[in-house]
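The values are calculated or read from the model by the stated rules, or taken from the named source; none is laboratory data. Because the structure is predicted, anything quoted here is derived from the model rather than measured. Heads up, the Cβs are rebuilt from the backbone with ideal geometry, glycines too, and the neighbour counts pull from every protein chain shown. What goes into the accessible areas is simple: the full protein's heavy atoms, side chains included, and nothing from ligands, DNA or RNA. Shrake-Rupley method; radii C 1.70, N 1.55, O 1.52, S 1.80 Å.
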Amino acid sequence: MKRRLTANSLPSRGVPLWLKLVFSLWVVTWAPTYWVLLGPQNYFWLCNLANFLLLAGLWRESRRLVSMQWLAVALVGTFWAIDVGTAWLTGWHPIGGTEYMFDPEHPPLTRALSLYHLILPLVAGFAIWRIGYDRRALAWQSVLTWLVIPASYLFTEAERNINWVEGPFGQPQSVMDPWLYLAALMLLWPLLVYLPVHWLTLLLSRRRRG
């Protein structure tokens, strides 16, 4: 029997059932806990939304959904790990945005569950290795981001600064008009967060085919 080929001409071996089940267990544990402790507004975070979309992508074995969430979490998860790790060792946040991990006012359980930032890139990366990368993910994830960022600004509390719609690196900004800042954020997010991962993934895919 011939193996199914992806758009990148790589053999698709499918997502293992054990990964689908384990990740499903994670989501059904994490999602209601976050709802109770932090409220539904917290789901507007792109990295939190990635949990649900990645789960759907794993079960459907959808290269588009999995690839979109790979773009969403690969660089963000790396920066999150660097910021938390450096702060844990030195007390200094080189990037910012993870101060809540050391804030005793945040419930310990939510801080522990936030460690998923380390896991999502591994899950999405493994899934892409198994089923291939969809180069259209860059456009689709950018469109999703352009929908989520304005929604975060309109429907979430300003003090939460979800998706940094009130200011970069978790800090409010007052230099730019709020709507101008929001437009800049929508432009820069795909360029600075998604595009480098997209290019690197395509490069690695070509080398793997070779």
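Structural remarks
- Accessible area per residue for the chain is 54 Å², calculated with a 1.4 Å probe on protein heavy atoms, without ligands, DNA or RNA.
- The Rg/Rh ratio of the stretch 69-153, with Rg taken over Cα atoms and Rh as the Kirkwood radius over Cα pairs, comes to 1.04.
- Label sites at Leu188 and Ser24, each approximated as a point 7 angstrom past Cα along Cα to Cβ, lie 4.1 nm apart.
- With the largest listed first and rounded to whole Å, the semi-axes of the equivalent ellipsoid of the stretch 125-166 from the Cα gyration tensor are 29, 12, 6.
- Against the empirical curve 2.2 N^0.38 Å, the C-alpha radius of gyration of the chain lands at a ratio of 1.05.
- Computed extension length for Leu118-Trp140: 5.6 nm, one decimal, from 0.36 nm per residue of separation with the Cα-Cα distance subtracted.
- If you take the alpha carbon atoms of the stretch 142-187 and fit the smallest convex hull around them, that volume is 65 Å³ per residue.
- Solvent-accessible area of the chain (1.4 angstrom probe, protein heavy atoms only): carbon and sulfur portion equals 70 percent.
- Globularity ratio of the stretch 101-210, using Cα Rg and 2.2 N^0.38 Å: 1.30
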